[in-house]
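The values are calculated or read from the model by the stated rules, or taken from the named source; none is laboratory data. Everything numeric in this text was worked out from a predicted model, so none of it was measured. Counting neighbours? That spans all protein chains shown, and the Cβs are built from the backbone with ideal geometry, glycine included. These area figures cover heavy atoms from the full protein model, side chains too; ligands, DNA and RNA do not enter into them. Shrake-Rupley method; radii C 1.70, N 1.55, O 1.52, S 1.80 Å.
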Amino acid sequence: MTLAAFTRDGRFLRGNIHTHSTRSDGALAPDEVARTYAEAGYDFLCLSDHFLPAYGFPIVDTTPYRTNRFTTIMGAEVHAPANSHGEAWHILAAGLPLDFEPTGEGESGVDLARRCAEAGAFVGIAHPQWSGLTIEDGRALAAIAHAVEIYNYTCDIECARPDGTYLLDQLLNDGHRLNAYAADDAHFRWADACGGWMMVKAGANEPEAILAAMREGAFYSSTGPLIHSIAVDGDDVEVECSPAASVAILGRGTRAETVQARQTSRARLPLERFAGDWFRIVVRDAAGKHAWSNPVWLD
């Protein structure tokens, strides 16, 4: 079982780990991107420009944009052949060293993802619905990646393909212990920033502390609602959150329990149907915004 986001010491920090600048195909320069998130009240940002030869394999040094309340993580969205559609993989790597070697000739997406993880990065399977990834694609990366991108704001407003839940749940059913993060993937060609984020429980607003918490799974993700606490109490799970219209517990197949209310900040849900398996929590507010916990394993 892991409920690290609600049991470990520290405070919740709001951050976005998937966003682009003019160093690849974004419309704003890196300093403008950082300023956008700092002024929006974010605690941290990973600028993840496309790690491609056309852009010079950028890993942007964003340390000049750090302040005493806003920090940055170096990273990239890396690419290599080929998923089940014969297209390049899109793999998020937050926490890469600035001297990370360019993609090698003939290097596969799986090998590149493994190299990112070995370099210390938090590795995410980016926008699986937008990419049309199959379960076979997911399985190829599941032993390497830390998480699936459960929500992508830009994919939502651009083409209504924001979702990663279908791939995440299938991989959980296979026994892969992956987490779930939300992100913007902002390119700033339209208003696609600050729509999906992570809330990471870290002991300090510093890159290494944040990355360690992410790798541990000490976070939840949101497009609006807050999750204050998730605690297993005997045969039930109790959730405390910002005012919600529903709180649901989801698991394998159709297993689900839901509390519906006009405004509720606490819900108690039975765990009987999830015993010996996994569950995750989804909170929905009156505006239709969601927050997602990481999966919890009951074994």
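Go through the residues of region 287-296 one by one and say whether even a single one is open to solvent by 20 Å² or more (accessible area, probe 1.4 Å) and among the β-branched types (Val, Ile, Thr). No, region 287-296 has no match at all. No other residue among THR223, THR254 is more than 22 Å from the chain's Cα centre (by Cα), closer than 26 Å to ILE125 by Cα and of a type in the set (S, T, N, Q) apart from THR254. If you go through region 78-91 one residue at a time, do you hit one that is within 19 Å of the chain's Cα centre (by Cα), under 23 Å from LEU45 (Cβ atoms) and not in a loop (DSSP other than H, G, I, E, B)? Yes: one or more hits. Residues of region 37-57 that are within 16 Å of ASP185 (Cβ to Cβ), open to solvent by less than 30 Å² (accessible area, probe 1.4 Å) and part of a loop (DSSP other than H, G, I, E, B): TYR42, SER48, ASP49. Candidates ALA5, ALA34: the one that is among the small types (Gly, Ala, Ser), surrounded by 19 or more Cβ atoms within 10 Å (Cβ to Cβ) and within 23 Å of ASN179 (Cβ to Cβ) is ALA5.
Tell me whether region 211-228 contains one or more residues that are open to solvent by 30 Å² or more (accessible area, probe 1.4 Å), of a type in the set (Lys, Arg) and in contact (Cβ under 8 Å) with a residue 24 or more places away in the chain. First the steps, then the outcome.
At the first step, the residues of region 211-228 found to be open to solvent by 30 Å² or more (accessible area, probe 1.4 Å) are 212, 215-216, 224, 226, 228.
Checking the rest, the ones that are also of a type in the set (Lys, Arg) come to 215.
Next cut, in contact (Cβ under 8 Å) with a residue 24 or more places away in the chain only: 215.
Yes, region 211-228 contains a residue that is open to solvent by 30 Å² or more (accessible area, probe 1.4 Å), of a type in the set (Lys, Arg) and in contact (Cβ under 8 Å) with a residue 24 or more places away in the chain.
Taking the conditions exactly as written (aliphatic (A, V, I, L, M), at negative phi, in contact (Cβ under 8 Å) with a residue 60 or more places away in the chain and not in a loop (DSSP other than H, G, I, E, B)), does LEU112 satisfy them or not? So LEU112 does not fit the description; no. Condition check for LEU271 on (1) surrounded by fewer than 17 Cβ atoms within 10 Å (Cβ to Cβ); (2) at pLDDT 95 or above; (3) among the hydrophobic types (A, V, I, L, M, F, W, C): one failure, at (1).
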